[in-house]
Amino acid sequence: MIVLTQIEDVRAHLRAERLAAAKEGKELQVGFVPTMGYLHDGHASLLRSARMDNDLVVLSIFVNPIQFGPNEDLDRYPRDRDKDMALAKREGVDIVFLPTVEEMYPEPTKTKVLVSELTDHLCGATRPGHFDGVTTVVSKLLHIVVPNRAYFGQKDAQQLAVITQMVKDLNMDLEIIPCPIVREEDGLALSSRNVYLSPEERQAALVLSRSLRQAEQLARQSEGATAEDIFQELVRTIETERAAQIDYAEIRRFPSLAPVSGSLPVKEIEGKILIAIAVKFGATRLIDNVILTMEGDK
Ligand code: AMP
């Protein structure tokens, strides 16, 4: 495994690897996993998929300042380089790209990549500018690595929808591979931000997966349950936890993120629906979701 901090070194290394493969008559398949580090089993699952599908796996670790709002956790975002390197090595990563902020943004960027509509709701509404920062940095990273496949977790379902749309709209020549949410045994979705939680908040945060499980059960088992019924059930469950402060709870189509009619039985909705929540426990904001395919249930 090699660790590179300079964009030019990543390009040079990949050029050499591609050339070596081409000399043997092969096209090198490159898989890419962009992250902000403080790696856990969720990231590891993305790396494992990338390892299986590709000849070479590139992991990037970059806490991207332009996707954080002024009152967010940029300065205290957790970092542990040694642990990250050990996990990357264990998962068979070939190249770790670890740029500094100066390397990625030698001057304030005058160019941004913006995806419209999909970024108006959910996290886009409560974190203005967040997705503009995400799509801009992911575009930059995709131009640096030029992978055949890039791996994104469904944990950030809206991000997955937004990136997929960007790749499609801009004719970027790669495949976006969605990966399922990895959870702790008790249901809490793995997140680098879970480290912020006090033991009491960690316990309270179980309401996220519990409320989603109940919402899913209602959607699947109750014949006439409408999106409004599911929403009410979701909110009621979250509110049973005193430490939980709801940022949003929404039911939308996936991946269009178009609203669903509240009065329609969800079983009659064709395609996938996303039940997404963002909840604060103290100063820590966590997100979780479930994506359901209802048409198969009919
Ligand atoms: P982050 O480092 O939080 O920016 O996440 C990097 C990538 O890992 C994103 O594509 C996330 O969706 C994905 N990811 C984070 N947590 C999980 C999880 N619990 N399960 C699956 N993927 C995850």
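The values are calculated or read from the model by the stated rules, or taken from the named source; none is laboratory data. Worth saying up front: this structure is predicted, and the values here are computed from it rather than measured. When we count neighbours, we look across all protein chains shown, and the Cβ atoms used for this are built from the backbone with ideal geometry, even at glycine. Each accessible area value is taken on the protein alone, full model and side chains, heavy atoms only, with ligands, DNA and RNA left out. Shrake-Rupley method; radii C 1.70, N 1.55, O 1.52, S 1.80 Å.
When Ile246 is tested against (1) touching an Asp or Glu at 6+ places or on another chain (Cβ under 7 Å); (2) open to solvent by 40 Å² or more (accessible area, probe 1.4 Å), just one condition goes unmet, and that condition is (1).
Taking the conditions (1) surrounded by 17 or more Cβ atoms within 10 Å (Cβ to Cβ); (2) of a type outside the set (A, V, I, L, M, F, W, C); (3) in contact (Cβ under 8 Å) with a residue 60 or more places away in the chain in turn, Asp84 satisfies each one other than (3).
Checking the conditions here, which among Val115, Val145, Val134 is within 13 Å of the ligand (Cβ to nearest atom) and not polar (S, T, N, Q)? Quick ask: steps written out before the conclusion?
Details: Val115 fails: within 13 Å of the ligand (Cβ to nearest atom); Val145 fails: within 13 Å of the ligand (Cβ to nearest atom).
After ruling out the rest, the residue left standing is Val134.
In the stretch 1-111, counting only helices (runs of 4 or more DSSP H) that sit wholly within it, the ones holding 2 or more residues that are more than 16 Å from the ligand (Cβ to nearest atom) span 7-23, 81-90, 101-104. Close contacts from the stretch 35-46, counting a first residue that is open to solvent by 10 Å² or more (accessible area, probe 1.4 Å) and aromatic (Phe, Trp, Tyr) and a second that is modelled with pLDDT of 95 or more and near the ligand (Cβ under 7 Å from one of its atoms), with Cβ to Cβ under 9 Å and a gap of 6+ residues or different chains, come to Tyr38/Ser192. Yes or no: Gln165 of a type in the set (S, T, N, Q), assigned to a helix (DSSP H, G or I) and surrounded by fewer than 20 Cβ atoms within 10 Å (Cβ to Cβ)? No.
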